[in-house]
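The values are calculated or read from the model by the stated rules, or taken from the named source; none is laboratory data. This one's a predicted model, so the numbers in the text were calculated from it and none came from an experiment. Using ideal geometry, Cβ is built from the backbone for each residue, glycine included, and neighbour counts are taken over all protein chains shown. Areas reflect the complete protein model, heavy atoms only, side chains present, ligands, DNA and RNA absent. Shrake-Rupley method; radii C 1.70, N 1.55, O 1.52, S 1.80 Å.
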Amino acid sequence: MTTSQHILACIDGSAVTESVCDYAAWYASKLNVPVGLLHVSDIPASTRRDLSGAIGINSRQFLLEELSQLDEQRAKVVNSYSNALVQDAKSHIQSSFTDVNVRVYQRHGKLLPSIEHFKEENRAIVMGRRGEDHKNSRINIGSQIETVARGSDIPILICSEKFEEPSSYMIAFDGSKTSIKAARMVSKSPLLKGLKGHIVMVGNHNDAAKQSMSAAAAQLEDAGFVVEAHHLSASDAVDGLLKFQVENNVDIMVVGAYGHSKWQQLFLGSTTTEIIASTLSPVILVR
């Protein structure tokens, strides 16, 4: 099928790059759209400085020329690295997902503006949980995730470990507008159809929230999904959700991402970050 949309895979050369490529290709194959490989090079500022008054004019001009050459060499190295990275990533995808088309994008600057440049084409975004700046950490998340999540209105899949095709999923539900939207998004997308589904609410929520969860489960079932609703008791929402995930061998989580109000921040802000930082399984963020 010919389409202008793609699944945007944000790669940076870190240890999670292959995982990002594979999950993006899996996502794209489910939706029958291409993968858009994006690498953004943030070229450091010039090494040139104001040398006026430091030394003689001739010597100063010589040094400025030398520094200009260094700047040019640095830019060439950065561009060469970017070229090699996207081509290796493209080859990796095509070796495992032969039916997925791959587009390659390279830009200079910051990640979020680069993502927004493709706003009309982006169907979903895939990012690594640990970027290059956190490659040796299992408790920190990539510094870009919250920035991108707050600036995007499409699903974002966060991954970290070697790709394994998911066979089950769970939706973290609390009765909020964001969690209702997450369930609705799942029901309208072929991404998770055919997988064993769970919709999970933790804590002593009111009757309205429980009714919302039942309605969300019914919406999924009406759309042809196999899903079970669960209302759990736990003192901590994150612990309850992660315990359920482990005990039920859930492969992928769907959670609401970073709300705006103070109440939403309480559940959808800190909880979102904590879930991403606490699980090695992929997480789909929905705003």
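For this structure, a couple of remarks:
- Placing +1 on each Lys and Arg Cβ and -1 on each Asp and Glu Cβ, with no other charges, gives the stretch 72-229 a dipole about its Cα centre of roughly 360 debye.
- Per residue value of the accessible surface for the stretch 61-186 (all protein chains in place, 1.4 Å probe), Å²: 54
- Solvent accessible area, Å² - ASP12, 1.4 Å probe, full protein context: 50
- Candidate cross-link partners of LYS76 among the lysines, defined by an alpha-carbon separation under 19 Å and a same-chain spacing of 8 or more, comprise LYS110.
- Between the stretch 143-161 and the stretch 179-250, the alpha-carbon center distance in angstrom: 21
- For LYS210, the aspartates and glutamates whose Cα comes closer than 12 Å to its Cα, not counting residues fewer than 8 places off in the same chain, are ASP174.
- Lys, Arg +1 and Asp, Glu -1 on Cβ, resulting dipole of the stretch 192-245 about Cα centre, debye, nearest 20: 140
- When SER214, SER68 are compared by accessible area at a 1.4 angstrom probe, the order from most to least is SER214, SER68.
- Here's how it looks for ILE284: its modeled amide H is under 5 Å from those of ILE158, MET253, VAL254, VAL255, which are all 5 or more places away or on a different chain.
- Ligands, DNA and RNA aside, CYS10 has an accessible area near 20 Å² when probed at 1.4 Å.
- Charge tally around GLY151: other residues with Cβ under 13 Å, Lys/Arg +1 each, Asp/Glu -1 each, net +1.
- Heavy-atom accessible area ranking, 1.4 Å probe, most first, across HIS92, HIS6: HIS92, HIS6
- Heavy-atom accessible area with a 1.4 Å probe sorts ASP222, ASP42, largest first, into ASP222, ASP42.
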